[in-house]
Amino acid sequence: MNFLQYLDVIIGYAVAMMVLATLIGAASAIWISLIRTRTRHLSGGLASLLENLGVAGEQGHALANAIMMDRTVKARGIWSSLTDPTDWKSLPGAVIRWVRGFAAEPIQREELALIILRKAAEGNGAALKALGLPNATRDQARELLSKVETAMLLEEVEKPSLPAQTWRAKALADNVRTLAAPLFSHFDNLMDRVEDNVKASGKASSAVFAAVFLLAYPVSSFDILNRLSVSDELRQKVIAAGTNPNANDPLLQKGLFGDSLNCAKCDVAWFFKWLPPARWLSTSVAQAKCDYSGFFTPGVLLTWVMVSMGAPFWLSQLTRLLGLRSEIARRLEDQRTLRDGDQRTTI
């Protein structure tokens, strides 16, 4: 094979990995959403941040959850009554709070300080402690909140060209420096770590889902590369699918993955044998055995590693490879045209 054919093999492999990574990534994203990974990491990050303000333990976690469910953070719906259902100490209120917890909206540091100040003005003990003032009271917190809001308004009137964060930061620094200073100094770095933890959880989840998928459907990278190497037709179909999104060849999947995706090596019976007590189950189900040896072959393990890199990685690599192929194909065509011109001149 020439260099362009080798490049086509790599492009075909990238297409196969992107298809698998997209499928597994979708399942992983659903799982990450169901267990509210981002919400839990953000809540933990806020609790860690509150420790710097002197609010630790259960008080810190309770205040962090109260901040995340604050009326200004979670969008409120239009209800027939004056009371929001999330305020109800009932099953409907708990369900609505749980559903709203799926969306972990970003909180700016100035907004966070204002929420803490407002919670203190409402009499929240942990928020009063976070103010950093000895023996802070609810009335004192209300007075501070009024001063901050007034200062923000004056800053906006005097300097309307500045962003809102500047007005808020100056008003907080002038009136509640004991709260703003430790909060602002650690907020950005801690939120960056929260995002890193969310990404790490997503990658770990994708790796687990990829392993489960490949246990049932052992797709070997070596088999894919071999099919692409020996079949000119398959390579052409892959390139057509990569350059033309509307191209739809039902034989392309079978050409790339062979029979790996057509049937699993085992059924779901193996799962039930782990459910106690075993006497509830039939003997055949309780003693079900499956062959997982295919997963531990080098080709399938390589697929596991590659798929775990994620669909965005393979999409970016595929874009680069297709661009490189187009450039190489154009240069080869130019060289061929130049050689044809030289031959005509010589004749």
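Some notes on this structure:
- Qualifying residue in region 7-14 (condition: closer than 30 Å to residue 231 by Cβ, modelled with pLDDT of 80 or more and under 24 Å from the mean Cα position of the chain (by Cα)): yes
- Here is the figure for region 145-178: residues that are under 20 Å from residue 50 (Cα atoms) and touching a helix residue (DSSP H, G or I) at 6+ places or on another chain (Cβ under 6 Å) total 7.
- Condition met for residue 94 (among the small types (Gly, Ala, Ser) and at pLDDT 85 or above): no
- The criterion of at least 3 residues that are among the hydrophobic types (A, V, I, L, M, F, W, C) and under 30 Å from residue 121 (Cβ atoms) is met by the following helices (runs of 4 or more DSSP H) wholly inside region 132-247: 138-158, 164-175, 177-216.
- Condition check for residue 24: at pLDDT 85 or above, surrounded by fewer than 13 Cβ atoms within 10 Å (Cβ to Cβ), under 22 Å from the mean Cα position of the chain (by Cα) and not in a loop (DSSP other than H, G, I, E, B): no
- Out of 209, 222, 184, one residue alone is over 24 Å from the mean Cα position of the chain (by Cα), more than 12 Å from residue 9 (Cα to Cα), modelled with pLDDT of 80 or more and not polar (S, T, N, Q). It is 184.
Table: residues versus (1) in contact with an Asp or Glu (Cβ under 9 Å, 6 or more places away or on another chain); (2) among the charged types (D, E, K, R); (3) surrounded by fewer than 16 Cβ atoms within 10 Å (Cβ to Cβ).
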| site | (1), (2), (3) |
| --- | --- |
| 122 | no, yes, yes |
| 130 | no, no, no |
| 136 | no, no, no |
| 160 | no, no, yes |
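- Residue within region 36-49 that is farther than 30 Å from residue 237 by Cβ and at pLDDT below 80 present: yes
- Inter-residue pairs, beta-carbon under 6 Å, first of a type in the set (Val, Ile, Thr) and in region 182-197, second modelled with pLDDT of 90 or more and not in a helix (DSSP H, G or I), 6+ apart: none
The values are calculated or read from the model by the stated rules, or taken from the named source; none is laboratory data. Just so we're clear, the structure is a prediction, and the values are computed from it rather than from any experiment. Here Cβ is always computed from backbone atoms with ideal geometry, including for glycine, and neighbour counts include all displayed protein chains.
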